[in-house]
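**Q** A single structure is presented below for examination.
The values are calculated or read from the model by the stated rules, or taken from the named source; none is laboratory data. Bear in mind that the values here come from a model prediction, so they are computed numbers and not experimental data. Cβ atoms come from the backbone with ideal geometry, glycine included; neighbour counts cover every protein chain shown. Accessible surface is based on the protein model in full, side chains and every heavy atom, while ligands, DNA and RNA are left aside. Shrake-Rupley method; radii C 1.70, N 1.55, O 1.52, S 1.80 Å.
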Amino acid sequence: MSTLRLFYALWPEPDLADTLSTWAAQAQPHSHGRPMRTETLHMTLAFLGSVEKEIADELIDATPYHRLQPGTVTLDRYGVFARPRILWAGPEQTPDSLQASHDGLWLWLSAFGFAPPTQPFRPHVTLLRNIERNDPPADAPPPVTWRYDRMVLVASESTDGGSRYRVVARSKPQPD
Ligand code: 2AM
């Protein structure tokens, strides 16, 4: 049976991705590890894992019509997930509007047979993988505010050089 490994994410505009790349570069001497390529930086809203092609096709068709509540999130800190050895950028506090977008997306996904995660939403942008220490750098760069109005559905594909991300659908931008 053919499947796709899928996730929904907020994808930064190039300027913001460049800024986040400088966050990665600033943390690297402290944390070591491997920087994510600038064009792959994102914030996952919903990780679906391996999805049967039929359901994937339904999601691809439906995604343009999902109304993601637009909002802003200010990334103002570094954090670490120790077990997967990730250094990330994220908000000190999850904005209510972002939490609502996450919850609304999972509610919408329930119609396709997906169950929401049991773990709380921890919004983050992974900057470095395979880090070598569990404490993040003490100081983050100046906070950066991310204004978003749409989400993307992404297929993660294994290649010889690692994972490749392919955007397979986008929601329509929503007015403020
Ligand atoms: P990460 O950056 O914290 O590793 C593609 O792999 C995207 O899906 C990444 O943003 C990754 O988060 C996320 N992801 C991978 N496996 C996941 C899981 N089991 N639960 C939640 N998110 C996951």
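**Q** I want to confirm something. Restricting to segment 57-80 and keeping residues that are among the aliphatic types (A, V, I, L, M) and open to solvent by less than 20 Å² (accessible area, probe 1.4 Å), which single residue is farthest from Ala115 (Cα to Cα)?
**A** Once the filter is applied, the top-ranked residue is Leu75.
**Q** Looking at Glu39, Glu54, which is the one that is without any contact (Cβ under 8 Å) to a residue 24 or more places away in the chain, closer than 29 Å to Asp176 by Cα and surrounded by fewer than 13 Cβ atoms within 10 Å (Cβ to Cβ)?
**A** Unique residue meeting the criteria: Glu39.
**Q** Of the conditions (1) without any contact (Cβ under 8 Å) to a residue 40 or more places away in the chain; (2) open to solvent by less than 50 Å² (accessible area, probe 1.4 Å); (3) aliphatic (A, V, I, L, M), Ile86 fails just one. Which one is it?
**A** Among (1) without any contact (Cβ under 8 Å) to a residue 40 or more places away in the chain; (2) open to solvent by less than 50 Å² (accessible area, probe 1.4 Å); (3) aliphatic (A, V, I, L, M), the lone unmet condition for Ile86 is (1).
**Q** Here is a further query. Are there strands (runs of 3 or more DSSP E) fully within segment 80-176 with at least 3 residues that are out of contact with any Cys (no Cβ under 6 Å at 6 or more places or on another chain), of a type in the set (A, V, I, L, M) and within 16 Å of the ligand (Cβ to nearest atom)? List them.
**A** The qualifying strands (runs of 3 or more DSSP E) are 86-90, 125-129, 152-159, 162-170.
**Q** Quickly run through segment 126-156 and pick out the residues that are surrounded by 12 or more Cβ atoms within 10 Å (Cβ to Cβ) and either β-branched (Val, Ile, Thr) or in contact with a Lys or Arg (Cβ under 7 Å, 6 or more places away or on another chain) (or both).
**A** Result: Thr126, Leu128, Arg129, Asn130, Ile131, Ala140, Val144, Arg150, Val152, Val154, Ala155, Ser156.
**Q** Quick one: count up the residues across segment 11-33 that are within 16 Å of the ligand (Cβ to nearest atom) and touching a Lys or Arg at 6+ places or on another chain (Cβ under 8 Å).
**A** Number satisfying all stated conditions: 2.
**Q** I need the full set of residues from segment 2-32 which are in contact (Cβ under 8 Å) with a residue 12 or more places away in the chain, outside any helix (DSSP H, G or I) and open to solvent by 20 Å² or more (accessible area, probe 1.4 Å), in order please.
**A** Hits for segment 2-32 are Ser2, Thr3, Leu4, Arg5, Trp11, His32.
**Q** Only one residue in Pro95, Pro142, Pro137, Pro91 is farther than 19 Å from Ala56 by Cβ and touching a Leu at 6+ places or on another chain (Cβ under 7 Å), so which one is that?
**A** So the residue among Pro95, Pro142, Pro137, Pro91 that is farther than 19 Å from Ala56 by Cβ and touching a Leu at 6+ places or on another chain (Cβ under 7 Å) is Pro91.
**Q** On the basis of being open to solvent by 60 Å² or more (accessible area, probe 1.4 Å), touching a helix residue (DSSP H, G or I) at 6+ places or on another chain (Cβ under 9 Å) and over 13 Å from Leu45 (Cβ atoms), does Gly161 make the cut?
**A** Spelling it out, it is not the case that Gly161 is open to solvent by 60 Å² or more (accessible area, probe 1.4 Å), touching a helix residue (DSSP H, G or I) at 6+ places or on another chain (Cβ under 9 Å) and over 13 Å from Leu45 (Cβ atoms).
**Q** For the structure I just gave you, tell me whether Ala56 is within 16 Å of the ligand (Cβ to nearest atom) and under 13 Å from the mean Cα position of the chain (by Cα).
**A** no
**Q** What is the one condition in (1) polar (S, T, N, Q); (2) more than 13 Å from the ligand (Cβ to nearest atom); (3) under 17 Å from Tyr8 (Cα atoms) that Ser50 does not satisfy?
**A** (2)
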